[in-house]
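Comments concern the structure below.
The values are calculated or read from the model by the stated rules, or taken from the named source; none is laboratory data. It should be emphasised that the depicted structure is a prediction, and the values quoted were computed from it without experimental measurement. Reconstructed Cβ throughout: ideal geometry from the backbone, glycine too, with neighbour counts over all protein chains shown.
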């Protein structure tokens, strides 16, 4: 049987009655219910247009911000053709809900696409909410909010900085030149890669180096869109392979739109861009290996 939570602090009423302290638990009685009712009509209209709870499936945070800014601009400009004020409120509620769900690992991490414009890393993503809000949510749900999710991506980024490769692979498809993004983790510790595979999927393989004195080399590989999703999540935490990550993400941005060319084939200028990115990432990988070798020599 669960016990009542007790902070140890008491609120005493004029009658002498006591309750556990209320500070930090929110004050719903101060929220004007008629405003909540007004915003609820936006949910009602959305349910008719799409489906009940459609928005809960998950939308990019930027979609909420974009819509919010458009309605706010019209509200400030004096437009009253739509319920712009209510739409602003609806979007910020959707933003907070989605941000919390992402932080708790209940929605895909890629829904947080808000850039951290204060960071020197152009690929860095901002924390969608503040420590104040995370602390309140942690108290409400009575669980740590998001620590395990962030740590997992940081851990994987650290592995890639040390034993990973970010590359662009050239291949032939129906006698046509084609390219794809590939991420690979290398290790002689098979169990470590199996654990990573359990959390992040990928294809596990091995290579016998032909020398009984050398341990079998294992590799965990991600390709195409799966590689792009992994790279997008680890890029903000990479230290050594930032250049490769930037090139890989630019490649993936271009590659994501190649299907529109169909049987006509990829235009020459686009192919040339892909070739340039491949050469650049190959050069960055060679420099990385040279720097690692130099550092080991100095040690």
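Here residue 175 fulfils each of the conditions (1) at negative phi; (2) exposed (fewer than 13 other Cβ atoms within 10 Å of the Cβ); (3) without any contact (Cβ under 8 Å) to a residue 12 or more places away in the chain apart from (1).
When each of 22, 40 is tested for being surrounded by 10 or more Cβ atoms within 10 Å (Cβ to Cβ), in contact with a strand residue (DSSP E or B) (Cβ under 7 Å, 6 or more places away or on another chain) and either at pLDDT 80 or above or more than 13 Å from residue 90 (Cβ to Cβ) (or both), the lone residue that passes is 22.
Restricting attention to region 203-219, which residues are in a strand (DSSP E or B) and within 13 Å of residue 190 (Cβ to Cβ)?
Of all residues in region 203-219, those in a strand (DSSP E or B) come to 203-207, 217-219.
Once the filter is applied, which keeps residues that are in a strand (DSSP E or B) and within 13 Å of residue 190 (Cβ to Cβ), region 203-219 yields 204, 205, 206, 207, 217, 218, 219.
Only one residue in 240, 254, 266 is free of Cβ contacts under 8 Å to residues at least 24 places away in the same chain and in contact with a helix residue (DSSP H, G or I) (Cβ under 7 Å, 6 or more places away or on another chain). Which one?
Working: 240 fails: free of Cβ contacts under 8 Å to residues at least 24 places away in the same chain; 266 fails: free of Cβ contacts under 8 Å to residues at least 24 places away in the same chain.
The unique qualifying residue is 254.
Looking at region 111-137, which of the residues that are under 21 Å from residue 57 (Cα atoms) and surrounded by fewer than 16 Cβ atoms within 10 Å (Cβ to Cβ) is modelled with the highest pLDDT? Step by step, filter region 111-137, then rank; the result is 113. Could you please let me know if residue 61 is in the same structural domain as residue 141 (by TED's automatic domain parsing) and farther than 18 Å from residue 100 by Cβ? In short, no.
Could you tell me whether residue 198 is surrounded by 14 or more Cβ atoms within 10 Å (Cβ to Cβ) and either within 23 Å of the chain's Cα centre (by Cα) or within 12 Å of residue 166 (Cα to Cα) (or both)?
Working: surrounded by 14 or more Cβ atoms within 10 Å (Cβ to Cβ): no; either within 23 Å of the chain's Cα centre (by Cα) or within 12 Å of residue 166 (Cα to Cα) (or both): yes.
No; evaluated as a whole, the condition is false for this residue.
Residues of region 138-180 that are over 22 Å from the mean Cα position of the chain (by Cα), at pLDDT 85 or above and within 30 Å of residue 97 (Cβ to Cβ): 140 alone. Number of residues in region 220-267 that are in a loop (DSSP other than H, G, I, E, B) and within 20 Å of residue 163 (Cβ to Cβ) equals 4. The number of residues in region 65-110 that are in contact (Cβ under 8 Å) with a residue 24 or more places away in the chain, surrounded by fewer than 17 Cβ atoms within 10 Å (Cβ to Cβ), outside any helix (DSSP H, G or I) and on the phi < 0 side of the Ramachandran plot comes to 1.
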